[in-house]
Each structure stands twice: as structure tokens, then as C-alpha cells.
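Novice: Have a look at this one.
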Amino acid sequence: HDFQLKPIHRLLMQTQAYQRGSLPVEVSADPENHWLSHFSRRRLTAEEIRDSFLASSGELDGSMAEGHPFPPESTWSFTQHNPFNAVYETNRRSCFLMVQRQRRHPYLALFDGADANASTPVRDSTTVPTQALYFMNAPFVHDRAGAFAGRVLAHSQELNTQLEFACATLFQREPTAGERERAKQFFERYPGEPVEKWAAFARVLISSSEFLYVD
């Protein structure tokens, strides 16, 4: 391919092995997936989770990053025991987050982001209670859920249509009959205005395994 990567990528993506689903027809034939009979399910990386939040809420900024707002050099008073530490929030893609070597970014550290002090060919993949608490309580998640609620309500005022839009955006599928019924019960019982109900329901959806894993 004359050392061009795109034709190689296209060739790989068109293979049967790449296009297989994660739900095998006959699990007993290859339960550990040694023979690549199905797609191995994986969790999104820390950057992918954050970008998915922003994309679903309609707030992801796909532009190239600009410089971070570091303080002017004339104001520096950092020492060995008082180093520079900062976390700069942005709606740009997570690959543009500022990462410091002496202090890990709190979000990336929580979701097994790569260690900036070492070569990390393979990341750990942990499941800990603090990750679930982040989805429940983090202001970043609440803000994204609120923005997503606004998108849903702007799309339609009819519940079934709203559910279809939400599932298509987050899961790339239509809601099942059972999901429609449970959602109806949720909205009937949850107090507050429609935007508050949808913000709460959005937090339920984005905390689900289906949102966090690639099938």
C-alpha cells in the first residue's frame, strides 16, 4: 500500500473478524474468544467516557486546542515544596486536557488514565465505588445531564419520541417495550419540572453499562 495507513485501516475494518458482534450465536464453541468468534467487549477509556458525555449533551468542541491559561511568568513563585498545580476545564476533546507529571488529573486518575510518568502500553481497568459516585454526584456529570435534557425537550414534547431520541443518541438503538414502561413510571413518580426529570433520567442512562462499554 505504498506505506499508506488508510488503505490498511480500510482493509482491517472490512474483515469479518473486525465486523463481528459481541454477542456470539454459540458461546460454547469459543467461550474465551480465543478464535475471535465475536467482538471482545471493552469499557470506554477515561477520555472516551468524557468525550461521550460532551458529545451526547451537544457540548463537545471539536476544534483544535489553544494554549492553556497559565499564569504570567512574572507572577511565578513556585518551589520544590510548592509546585504549580492546576486543572483547566474545557469542552474540547479530552486528548487536549492538561496533564501534569507531579500530580495526576483527578478525573483521569479515577478512570485509569495513563500515567504521565511512565510508558503505559496497556492501561489498568478497575471498577471501584468512587467511579459510580462520580456518575451520581460530580458537577460535570450533572451539567452534561442538564444539557442533554435540554436537547431531548427541544426535540419533542412527547415522551415516546423523547425516549427514542435519547436511546438513539446514547445507545444507537430504539428503546424496548420494557424500557418505555419503566421510563413512563419514572416520569410519573419523579417530582419537578420536565427538565429536572429528564436530567435525573439522563444520569441513570449514562451510568448504565451499555453507555460505558463498547459492544
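Bear in mind that the values in this text are calculations on the coordinates, not laboratory data. It should be emphasised that the depicted structure is a prediction, and the values quoted were computed from it without experimental measurement. Cβ: placed from backbone, ideal geometry, glycine included. Neighbour counts: every protein chain shown.
Novice: Can you compute the helix-only [θ] at 222 nm over the chain? Use -39500 (n - 2.57) per DSSP H run of at least 4 residues, normalise by all residues, nearest 500 deg cm²/dmol.
Specialist: Numbers: 10 runs with 98 residues, N = 215.
The helix contribution divided over the chain gives -13500 deg cm²/dmol.
Novice: Next up: Under the rule of at least 5 residues apart or a separate chain, name every residue whose amide H is placed under 5 Å from the amide H of Arg92.
Specialist: Asp61
Novice: At most 13 other C-beta atoms within 10 Å and a DSSP loop state: those are the exposed trypsin sites (Lys or Arg not before Pro) I care about. Give me the longest piece of the chain that has none. Each step should come with its number before you reach the end.
Specialist: Values: sites that count: Arg41, Arg101, Arg123, Arg173.
So the longest stretch without any such site is 42-100.
Novice: Sticking with this structure for a sec: Below 10 angstrom from the Cβ of Arg180, what's the summed charge of the other residues (Lys, Arg +1; Asp, Glu -1)? Could the numbers behind the result be given before it?
Specialist: Details: positive: Arg182, Lys184; negative: Glu164, Glu174, Glu179, Glu181.
Neighbourhood net charge equals -2.
Novice: Rg over Rh of the chain, using C-alpha atoms and the Kirkwood radius, what does it come to? Intermediate results must be reported in sequence, preceding the final value.
Specialist: On the way: Rg = 21.1 Å, Rh = 20.6 Å.
Expressed as Rg/Rh, it is 1.03.
Novice: Right, next: Could you list Asp61, Asp51 so that the one with the fewest beta carbons within 10 Å of its beta carbon is first and the one with the most is last? Intermediate values should be presented prior to the final figure.
Specialist: Values: Asp61 12, Asp51 18.
Least to most surrounded, the residues fall as Asp61, Asp51.
Novice: Using modelled backbone amide H atoms (1.01 Å from N, in-plane), which distant-in-sequence or interchain residues come within less than 5 Å of Met98's amide H?
Specialist: Excluding prolines and chain starts, which carry no amide H, the hits are Tyr88.
Novice: Return the loop-located chymotrypsin sites (Phe, Trp or Tyr not before Pro) in the range 1-105 (DSSP other than H, G, I, E, B) with at most 14 other Cβ atoms within 10 Å of their own Cβ; answer none if there are none.
Specialist: Values: sites: Phe3, Tyr18, Trp35, Phe39, Phe53, Trp76, Phe78, Phe84, Tyr88, Phe96; in loops: Phe3, Trp35, Phe39, Trp76, Phe78, Phe84, Tyr88.
Answer in residue order: Phe3, Trp35, Trp76, Phe78, Phe84, Tyr88.
Novice: May I ask for the net charge around Phe171, where only other residues with Cβ less than 12 Å from the Cβ of Phe171 are counted and Lys, Arg are +1 while Asp, Glu are -1? Intermediate results must be reported in sequence, preceding the final value.
Specialist: On the way: positive: Arg173; negative: Glu164, Glu174, Glu179, Glu210, Asp215.
Every neighbour counted, the sum reads -4.
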